[in-house]
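One structure is given here, and the rest of the page talks about it.
The values are calculated or read from the model by the stated rules, or taken from the named source; none is laboratory data. The structure displayed is predicted, hence computed values, not measured ones. Here the Cβ positions follow ideal geometry from the backbone for every residue, glycine too, while neighbour counts run over all protein chains shown.
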């Protein structure tokens, strides 16, 4: 993150008198604030102020349909969330467990695909890259609808393909992906794989940044392909992996669209799809319970903050930055 | 390698090279084939969506239907249409039309030789494979297009996408220019705060923002989704700032000396040089708008006439769950525009992803 040191007006000002240096400086500062003013205003209006308001909301019993009946209830919302509402912990557990399943799979698949797409032995790289990225362009809702049918127990291709290997999969007694509490997460993971295009591209850029001399040296030393991958590639692209991990973790905590579109927030089957965001959505927008909704939002914020700080804490041990001092 | 080649006789060297080249070609073929297999697996849902969208309702819901959209071929004999079957005869298998069904024997007619009259065949006709041909049900597309009211959804989404694209690109470019070129107090802290908002879960600001927008009467309108976009977006600011930093200062200095003010310099000198980055940001935003589901879901509930593609598609799925082929056709229709734009502008788009992902 290099920061601009010299600016035009200063260069011009340096030729002038001392008095003018000062005014130019001030003028520059004023223009600087002018240019960033959209963000400053937007940040105050849509981030800072709402965050404070959100904290105040947590102390109120406030239903949007009857705003006049809002009343201060102290920490009751917090008590309800932490000690009385069992759905909070269950949905949190579901969300975190799913994150531990989907995030590693998504990241590993994206990384391995990037390695494959970066192979010097691959012909038609550009075509392959475009085609592997293309599914990411399918609108999320559209790909969910397609996957629901691909996993259909009677007519879907997944079960048909599994039957080719001699396993009974089709029909009522077969693999009912969206009705089975154990299989549904796996189906969700597959849906998630249609959104990894960006991660692939970022990984690919990271791989292209690894100096080829390192691989040549390793080959001369007799290192195998796997050793090079583990000892050179992984450490060299670890900043990219770290970036994907942080954004992926925060994204996982907000997992919402897939379970919502498929089950409408009902939690079917057996409550397994009642992710934290679904619970938040129902409390806030179905029951118009602004006070309790804000409390739930603060919980997810605190968890995201702790997770991010924890990841940054561990990063020193495994993320390799060339030219550490510049950062 | 030079030392090795002198110690070997010339012919051996050639054979060596040929062997090496052959190995390289083999590796290339293996890797490419492997990649092709993975790709086909990865694209299975896409093929499924395309093929299912071309089936008739019966084919799409029949577990035993062939994979491709097939239709049974019929032959018209004496004014009636009869299905064709592959019938094994003494002279080989022939495609015959089944005229009279029977449990133990059936009567067929040969389309190529109608004059020969009815052919009696012993056996159960149910065991015979029907003669089918690929016949895509193209009519699913106009039907889905009309039933989902695609023009209205497209219009809503396009207006939303283009208006906010203008808003976020111009605001983000301004902010990025400020951070890239000007010196002011708290600049570094402010920039870190800006980056911090990228990882801020949006829910924490959502509830009061929602309550506020509803209370000022913006519920059921697009305003809550459009207005905030005119105050820039952290991702876009970051991407554009990185790009502005790479633009040499000489031209700006020349413009300044010529008497151009900061605004004129920004509009006339910086923006024209940043077209690739601006395009990338515009595309990112467009795809975001095309995919935006949560905002319209909470602010436009009950306003069917205002809904965008995402919400329309989701409710279409609920209404027509018995007609999977129409849902697939609608899904394909919603994909055409973003995919086309992506194929046209993929280079600049991919570079944009790289800047946001790797430079941080």
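On the basis of being more than 11 Å from chain A (Cβ to nearest Cβ), loosely packed, with under 15 Cβ neighbours inside 10 Å, at pLDDT 85 or above and within 30 Å of residue A:125 (Cα to Cα), does residue B:18 make the cut?
Values: more than 11 Å from chain A (Cβ to nearest Cβ): yes; loosely packed, with under 15 Cβ neighbours inside 10 Å: yes; at pLDDT 85 or above: yes; within 30 Å of residue A:125 (Cα to Cα): yes.
Against the criterion (more than 11 Å from chain A (Cβ to nearest Cβ), loosely packed, with under 15 Cβ neighbours inside 10 Å, at pLDDT 85 or above and within 30 Å of residue A:125 (Cα to Cα)), residue B:18 qualifies.
If the requirement is being more than 10 Å from every other protein chain (Cβ to nearest Cβ), under 30 Å from residue A:26 (Cα atoms) and within 35 Å of the chain's Cα centre (by Cα), which of these qualifies: B:273, B:229?
B:273
Of all residues being assigned to a loop (DSSP other than H, G, I, E, B) and in contact with a helix residue (DSSP H, G or I) (Cβ under 6 Å, 6 or more places away or on another chain) in region A:273-303, which is nearest to the other protein chains (Cβ to nearest Cβ)? Just the residue, please.
If we filter region A:273-303 for residues that are assigned to a loop (DSSP other than H, G, I, E, B), which is where we start, we get A:273-275, A:287-288.
With in contact with a helix residue (DSSP H, G or I) (Cβ under 6 Å, 6 or more places away or on another chain) added as a condition, the list becomes A:273-275.
Details: A:273: 16, A:274: 16, A:275: 13 Å.
Step by step, filter region A:273-303, then rank; the result is A:275.
From the list B:190, B:194, B:206, which one is facing chain A (nearest Cβ under 9 Å) and in contact with a helix residue (DSSP H, G or I) (Cβ under 6 Å, 6 or more places away or on another chain)? Let's see the steps before the verdict.
Values: B:190 fails: in contact with a helix residue (DSSP H, G or I) (Cβ under 6 Å, 6 or more places away or on another chain); B:206 fails: in contact with a helix residue (DSSP H, G or I) (Cβ under 6 Å, 6 or more places away or on another chain).
Exactly one residue qualifies, and that residue is B:194.
Could you please find all residues in region A:229-262 being free of Cβ contacts under 8 Å to residues at least 40 places away in the same chain and away from every other protein chain (no Cβ under 11 Å)?
A:230, A:231, A:232, A:234 - these are the residues of region A:229-262 that are free of Cβ contacts under 8 Å to residues at least 40 places away in the same chain and away from every other protein chain (no Cβ under 11 Å).
How many residues does region A:202-230 contain that are surrounded by 13 or more Cβ atoms within 10 Å (Cβ to Cβ) and either within 27 Å of the chain's Cα centre (by Cα) or closer than 19 Å to residue A:110 by Cβ (or both)?
So the answer is 10.
Hey, among the residues in region A:132-160 that are within 7 Å of another protein chain (Cβ to nearest Cβ), closer than 15 Å to residue B:61 by Cβ and in a helix (DSSP H, G or I), which one's farthest from the chain's Cα centre (by Cα)?
Here the answer is A:157.
Among the residues of region B:171-186, which ones are more than 7 Å from every other protein chain (Cβ to nearest Cβ) and without any contact (Cβ under 8 Å) to a residue 40 or more places away in the chain? So that I can check it myself, show each step before the final result.
Going through region B:171-186, the residues more than 7 Å from every other protein chain (Cβ to nearest Cβ) turn out to be B:172-173, B:176, B:186.
Residue satisfying the conditions is B:186 alone.
If you go through region A:87-94 one residue at a time, do you hit one that is free of Cβ contacts under 8 Å to residues at least 24 places away in the same chain and under 19 Å from residue A:283 (Cβ atoms)?
Quick first cut of region A:87-94, residues free of Cβ contacts under 8 Å to residues at least 24 places away in the same chain only: A:89, A:93.
Narrowing the set further to residues that are under 19 Å from residue A:283 (Cβ atoms) leaves A:89, A:93.
There is at least one residue in region A:87-94 that is free of Cβ contacts under 8 Å to residues at least 24 places away in the same chain and under 19 Å from residue A:283 (Cβ atoms).
For residues that are in contact with a helix residue (DSSP H, G or I) (Cβ under 6 Å, 6 or more places away or on another chain) and in a helix (DSSP H, G or I), scanning just region A:216-237, find the one that is farthest from residue A:313 (Cα to Cα). Working first, answer last.
Of all residues in region A:216-237, those in contact with a helix residue (DSSP H, G or I) (Cβ under 6 Å, 6 or more places away or on another chain) come to A:218, A:228, A:232, A:237.
Going one step further and asking which of them are in a helix (DSSP H, G or I), we end up with A:218, A:228, A:232.
Values: A:218: 31, A:228: 27, A:232: 23 Å.
Ranking the candidates gives A:218 first.
Out of everything in region A:315-324 that is touching a helix residue (DSSP H, G or I) at 6+ places or on another chain (Cβ under 9 Å) and assigned to a helix (DSSP H, G or I), what residue ends up being farthest from residue B:201 (Cα to Cα)?
First, the residues of region A:315-324 that are touching a helix residue (DSSP H, G or I) at 6+ places or on another chain (Cβ under 9 Å): A:315, A:318-322.
Still in the list and also assigned to a helix (DSSP H, G or I): A:315, A:318.
On the way: A:315: 21, A:318: 26 Å.
Restricting to residues being touching a helix residue (DSSP H, G or I) at 6+ places or on another chain (Cβ under 9 Å) and assigned to a helix (DSSP H, G or I), the top hit is A:318.
For residue B:262, indicate whether it is free of Cβ contacts under 8 Å to residues at least 12 places away in the same chain, at the interface with chain A (Cβ under 10 Å from one of its Cβ atoms), over 28 Å from residue A:138 (Cα atoms) and over 33 Å from the mean Cα position of the chain (by Cα). Spell out how you get there, then give the answer.
Numbers: free of Cβ contacts under 8 Å to residues at least 12 places away in the same chain: yes; at the interface with chain A (Cβ under 10 Å from one of its Cβ atoms): yes; over 28 Å from residue A:138 (Cα atoms): yes; over 33 Å from the mean Cα position of the chain (by Cα): yes.
So residue B:262 passes the test.
Answer yes or no: is there a residue in region A:77-97 that is under 30 Å from residue B:33 (Cβ atoms) and either within 12 Å of another protein chain (Cβ to nearest Cβ) or crowded, with 21+ Cβ neighbours inside 10 Å (or both).
Checked against the condition, which is being under 30 Å from residue B:33 (Cβ atoms) and either within 12 Å of another protein chain (Cβ to nearest Cβ) or crowded, with 21+ Cβ neighbours inside 10 Å (or both), region A:77-97 yields no hits at all.
Is it fair to say residue A:195 is touching a residue at least 12 places away in the same chain (Cβ under 8 Å) and on the phi > 0 side of the Ramachandran plot? Lay out the reasoning, then the answer.
Working: touching a residue at least 12 places away in the same chain (Cβ under 8 Å): yes; on the phi > 0 side of the Ramachandran plot: no.
No, not satisfied.
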